[in-house]
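Visitor: Have a look at this one.
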Ligand SMILES: Cc1cc2nc3c(=O)[nH]c(=O)nc-3n(C[C@H](O)[C@H](O)[C@H](O)COP(=O)(O)OP(=O)(O)OC[C@H]3O[C@@H](n4cnc5c(N)ncnc54)[C@H](O)[C@@H]3O)c2cc1C
């Protein structure tokens, strides 16, 4: 069977990999000149480096993401250190573990900056929060997370220390915008996974750049399996005849015939593609409600070590200005002879994204100097501001359940992408890829006369390949600056 996958982001690449492993002929059509979609590295001549477009972190329960990394041979490049650190202005830090004693301390209101009677209020509010997340009252999707926290009496100090950061970090959006149901569902999913696996859900990070983690290994699998990858192929419509998909039409007018089509474009690109699909109005209406959320990330190349104590640190009270700082020396074992790289993240950066690069850099350096004594005299060697106006989508109150299913009314057509329904209420594009892979392989997307092919999965030997550099040799045994770059 010939399957066309539209969109070469994580969802499209995961779908293509699993379909080719299952023995199907696959053509992957990508609008841009390279694969990766929203997870890419970007060459930066000024400092001779290839930083990412923004820090990506993953929950340990993202099982489909881990399966994708297994398929492309890069699972070994994700670390789950089991802790992160909250940093206060002035430099005091508090390392928090996921689960265990730290989890218990947090459950009893022992959070940074939470003192006196606020501790008791926090315990009471957290008990209500868990009970309501499990019970799922009908009004949960009518209110924002901010309103929910106020209803259950969560003290502002506990919100600053933990809860607002959790909502922003996991939903990607502000508490005043995100539906309360999104963090509630996430909490329940996380608890269920933790009980099922007897391990608390933890946050992990890539120890290599995003191209190496997601793309280079996938390209090797595509080459080995004969997947045809066509760059700069913009699909303008998915073609349907008599209720079955027949292929796609490209912007130039060419058509590509297919027995099945996986449409893995982002939510903001779906309009127009499915005009021939019965019921497309409902999908377009859902897409219109999932509005884009901006993320501003900065790759700050500094002249010195600012003294981070953990791989990732959350700045207490830094929402909207500088929420998280990532130490690429600790995370990537980066060579810091020439400079030190600190990546920063501001999710839901609706205001910050309007400012100039110079203003953003100045604001963030001001924050670093306030929170890190070691940054007081630090000089910026280079600042690389990355604005992603459409990093992910907002799930406002009233949008629960509107993310469309991967299955469509058309035989042979499935949707994939972070905005389609996955078991995580936030993004998990490979999750959607896994679903479409299974649907196609079972014949459940309804292609006529299709029989499930034998699952073929040759071992993929992974070599650390950099597309724009020659080679990275990793050395794990010599302290903080542990990688040698061979150019
Ligand atoms: C800075 C940043 C940080 C993030 N951090 C995290 C994180 O920590 N954890 C997390 O889980 N998620 C995170 N995300 C979100 C995550 O990156 C996305 O959810 C994920 O990459 C989406 O993958 P996708 O395949 O669904 O869509 P995309 O990556 O957008 O891929 C879709 C592809 O389709 C192509 N396309 C569009 N239209 C057409 C067309 N007509 N024809 C052909 N091709 C087309 C596009 O060019 C694109 O390559 C972050 C995103 C950003 C930007």
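The values are calculated or read from the model by the stated rules, or taken from the named source; none is laboratory data. All values derive from a computational prediction rather than experimental measurement. Positions of Cβ are backbone-derived with ideal geometry, glycine not excepted, and every protein chain shown enters the neighbour counts.
Visitor: Looking only at the stretch 152-190, count every residue that is away from the ligand (no atom under 16 Å from the Cβ), outside any loop (DSSP other than H, G, I, E, B) and touching a residue at least 12 places away in the same chain (Cβ under 8 Å) and tell me the total.
Guide: 13
Visitor: Residue by residue through the stretch 224-243, note down the ones that are under 28 Å from the mean Cα position of the chain (by Cα), touching a residue at least 60 places away in the same chain (Cβ under 8 Å) and either surrounded by 17 or more Cβ atoms within 10 Å (Cβ to Cβ) or within 15 Å of the ligand (Cβ to nearest atom) (or both).
Guide: Residues satisfying the conditions are 225, 227, 228, 229, 230, 231, 232, 233, 234, 235, 238.
Visitor: So in the stretch 213-223, with the set limited to residues that are touching a strand residue (DSSP E or B) at 6+ places or on another chain (Cβ under 9 Å) and within 15 Å of the ligand (Cβ to nearest atom), which one is farthest from residue 28 (Cα to Cα)?
Guide: 213
Visitor: Here is a further query. Residues that are within 15 Å of the ligand (Cβ to nearest atom) and out of contact with any helix residue (DSSP H, G or I) (no Cβ under 6 Å at 6 or more places or on another chain): which strands (runs of 3 or more DSSP E) entirely in the stretch 271-352 hold 3 or more of them? Spell out the reasoning first.
Guide: Working: elements: 292-302, 312-315, 324-327, 340-346.
Qualifying strands (runs of 3 or more DSSP E): 292-302, 324-327.
Visitor: Across the stretch 405-434, what is the number of residues that are at pLDDT 90 or above and surrounded by fewer than 22 Cβ atoms within 10 Å (Cβ to Cβ)?
Guide: So the count comes out to 4.
Visitor: Within the stretch 244-256, which residues are away from the ligand (no atom under 12 Å from the Cβ) and closer than 15 Å to residue 3 by Cα?
Guide: Selection gives 244, 245, 246, 247, 255.
Visitor: Among (1) in contact with a strand residue (DSSP E or B) (Cβ under 7 Å, 6 or more places away or on another chain); (2) crowded, with 16+ Cβ neighbours inside 10 Å; (3) outside the structural domain of residue 275 (by TED's automatic domain parsing); (4) modelled with pLDDT of 95 or more, which single condition is residue 466 missing?
Guide: For residue 466, the failing item is (4).
Visitor: Before we move on, is residue 401 within 30 Å of residue 241 (Cα to Cα) and touching a strand residue (DSSP E or B) at 6+ places or on another chain (Cβ under 6 Å)?
Guide: No; evaluated as a whole, the condition is false for this residue.
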